[in-house]
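The values are calculated or read from the model by the stated rules, or taken from the named source; none is laboratory data. It should be emphasised that the depicted structure is a prediction, and the values quoted were computed from it without experimental measurement. All Cβ positions, glycine included, derive from the backbone under ideal geometry; neighbour counts span all protein chains shown. Note: accessible area is taken over every heavy atom of the protein model, side chains too, but ligands, DNA and RNA are not part of it. Shrake-Rupley method; radii C 1.70, N 1.55, O 1.52, S 1.80 Å.
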Amino acid sequence: MPLARNDPAQYDQLADQWWVPAGGFAMLHWLAASRAEHLPPAPSPDAVLVDLACGGGLMAPHVRRLGYRHVGVDLGAAGLGLAREHGVAAVRGSVLAVPLADGCADVVVCGEILEHVEDDVAVLAECARLLRPGGTLVVDAIADSRLAGPVAIGIAERIPGGPPPGIHDAALFVDRRRLLAAADRLGLDLRLVGLRPSVRDLVAWKRGRRPTVRMVPMRWSGILFAGYGRKRPGAPARTVEE
């Protein structure tokens, strides 16, 4: 029986694809590299990066290079097993109620998860809770827009390197205005930018001439977007959603 859209069991079924650069999760490799470009080096040897919905741990090489202790949180046992093999301190748990202490993280990465949950603001609140004041937040997600469904599902799920068919549900795509308003209430200074694969890199990658594809920022954030921000200095470790 085929899985319903946005069924997390699909990640376990495709666990053998996590570390295949040209496999079913190819674009997640590209996004991991893009996130890393916006992370500062670790300020100390004990600095912590919390990777929400870490999957198979694709951020691991980048986090190691930057010098953080890498803590990954996910529901999928198969992905967490792979993450451990790549040096991630893996924690099984929900991004809606992360089993980690308030203010434990210098950096929180929340990649490709906001469009998979019923309450994206609750996940953002967990990001704010986990961050120390002054800490860095990097998110990426699919926007709730007229074009996002046709592009992210109708096209992207049918091309090599794109998301696996059925992995997204357009009803869960993210309202950017609501997200920014919530970020402000939670003590997060957050800016959004659009992202797209480099067309030149994508053509070369499909022809086997490049091992990866760069993600290119753009002003319009109506399909795939990233958010870069910080928790305001002086903000409490635990924030209250009003």
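Results for (1) part of a loop (DSSP other than H, G, I, E, B); (2) in contact (Cβ under 8 Å) with a residue 24 or more places away in the chain, shown as yes or no for each residue.
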residue: Leu58; (1), (2): yes, yes
residue: Gly72; (1), (2): no, no
residue: Leu80; (1), (2): no, yes
residue: Val95; (1), (2): yes, yes
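Could you tell me which residue of region 76-110 is farthest from Val48 (Cα to Cα), considering only residues that are open to solvent by less than 10 Å² (accessible area, probe 1.4 Å) and within 14 Å of the chain's Cα centre (by Cα)?
For region 76-110, the residue satisfying everything is Cys110.
Looking at (1) open to solvent by 40 Å² or more (accessible area, probe 1.4 Å); (2) assigned to a helix (DSSP H, G or I); (3) not polar (S, T, N, Q), which is the only condition Arg209 fails?
(2)
Please give the number of the condition His116 fails out of (1) modelled with pLDDT of 95 or more; (2) farther than 17 Å from Ala36 by Cα; (3) within 18 Å of the chain's Cα centre (by Cα).
Here His116 meets the rest and fails (1).
How many residues are open to solvent by 30 Å² or more (accessible area, probe 1.4 Å) and outside any helix (DSSP H, G or I) if we restrict to region 29-42?
Residues meeting the conditions: 4.
How about region 2-28: which of its residues are among the hydrophobic types (A, V, I, L, M, F, W, C), modelled with pLDDT under 80 and outside any loop (DSSP other than H, G, I, E, B)?
Matches in region 2-28: Ala9 only.
Go through (1) open to solvent by 70 Å² or more (accessible area, probe 1.4 Å); (2) charged (D, E, K, R); (3) within 28 Å of Gln17 (Cα to Cα) for Asp189 and report which single condition fails.
(3)
Among the residues of region 212-238, how many are open to solvent by less than 30 Å² (accessible area, probe 1.4 Å) and either among the basic types (Lys, Arg) or without any contact (Cβ under 8 Å) to a residue 12 or more places away in the chain (or both)?
So the count comes out to 1.
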